[in-house]
1. Take the conditions surrounded by 12 or more Cβ atoms within 10 Å (Cβ to Cβ) and of a type in the set (A, V, I, L, M, F, W, C) and apply them to Ala19. Does it pass?
2. If a residue has to be surrounded by 20 or more Cβ atoms within 10 Å (Cβ to Cβ) and out of contact with any Gly (no Cβ under 8 Å at 6 or more places or on another chain) to count, how many in the range 136-148 make the cut?
3. Look at the range 29-72 and say how many of its residues are farther than 18 Å from Gly100 by Cβ and touching a residue at least 24 places away in the same chain (Cβ under 8 Å).
4. Of all residues in the range 66-121, which are among the hydroxyl-bearing types (Ser, Thr, Tyr) and part of a helix (DSSP H, G or I)?
5. Out of the residues in the range 183-208 that are over 18 Å from Ile171 (Cα atoms) and of a type in the set (S, T, N, Q), which is modelled with the highest pLDDT?
6. Would you point out the residue of the range 1-15, among those that are modelled with pLDDT of 90 or more and exposed (fewer than 14 other Cβ atoms within 10 Å of the Cβ), that is nearest to Lys53 (Cα to Cα)?
7. Exactly one of (1) crowded, with 21+ Cβ neighbours inside 10 Å; (2) aliphatic (A, V, I, L, M); (3) at pLDDT 90 or above is unmet by Met107. Its number?
8. State yes or no: is Gly78 at positive phi and touching a residue at least 60 places away in the same chain (Cβ under 8 Å)?
Amino acid sequence: MQDRYGPIVSFAVILTTLAISLGILWMAPPNSMVPVHFSQGWARDHFVSPWKKLNIWIGLQLGLWTLMYGLPSLRRSGEGFQASVSVYDAAWITVTSMLGLLTIASMEQALGIRIAMGSLTDIMIGGFLIIVGNGLGKLRPNTLVGIRTPWTKASVRVWDQTHRASGPIFILAGVVLMAVGFGMFGTNRTHHTYLTVVFLLAVFSWGLSWLLWRKEQRPG
C-alpha cells in the first residue's frame, strides 16, 4: 500500500482545532453562549455553552477519524483501494478540515464574531468537490470509495469512463458553489444550495454510468 498521510495529517488538524478553540474559550466572556442549531436561512435557534459545543465538534472529528481509519479494514477494501488510497486520504483530510473550520467559526461567536455560516458551508463544500473531482479519475475499482452504482461495479470500463467524465463536472460544480458562497450570485438564497448541487451531481453520475453501461451492452 502507498505511504499513508491521512491518519497523521487529519489527527494534526484535530489537535490544531482543539488548540485554537481552547484559546477562544480562554478569551470568551463568562456565561457566553454559541449556536448549536440553525433553521431556515441559517437563523440561529438553539444555543449551548462554548464548552459543550467544543465537546460536540471535537467528538465528531474524533468519530470521523476512527471511522475513516478503520473502514478499509472492515470492508476488506483490497488492491483497488490500495491504488486509490491517496484520493481517500485527501478526502479524509478535507472533511476533517471542514469540521475544524466549522468548529472555530461557531466558537468565535462566543467572542461576538458572527460568521456567515451559510456562505462558509458553500465555500467549504465547493472546495471539497474540487478536491474530489481532481481525484476521481485516479480511483480504481474498489469496494469502498468512488461512484459505486450497479453499472460501475459491473464493468471496469464503465467505472473508468464514469469517473473520468465526472471529475471535471465535480470541479465545475465546486467552483460554482464557492462562487455562491462568496456572494457572486447575490445573497438571497437558502441553506439548501449545497444540497441541491450534491443531489444534481449524484443524479448526473448515476445516469452517466447507466448510459455508458447500456452503450457497452450493445452488440457490435
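1. no
2. 3
3. Of the residues in that region, 9 qualify.
4. Across the range 66-121, the qualifying residues are Thr66, Tyr69, Ser73, Ser86, Tyr88, Thr94, Thr96, Ser97, Thr103, Ser106, Ser119, Thr121.
5. Filtering first and then ranking leaves Thr187.
6. Leu15
7. The number of the failed condition is (3).
8. Taking the combined requirement at face value, the residue satisfies it.
The values are calculated or read from the model by the stated rules, or taken from the named source; none is laboratory data. Note that this is a predicted model, so its numbers are computed, not measured. Neighbour counts run over all protein chains shown; Cβ positions are idealised from the backbone, glycine included.
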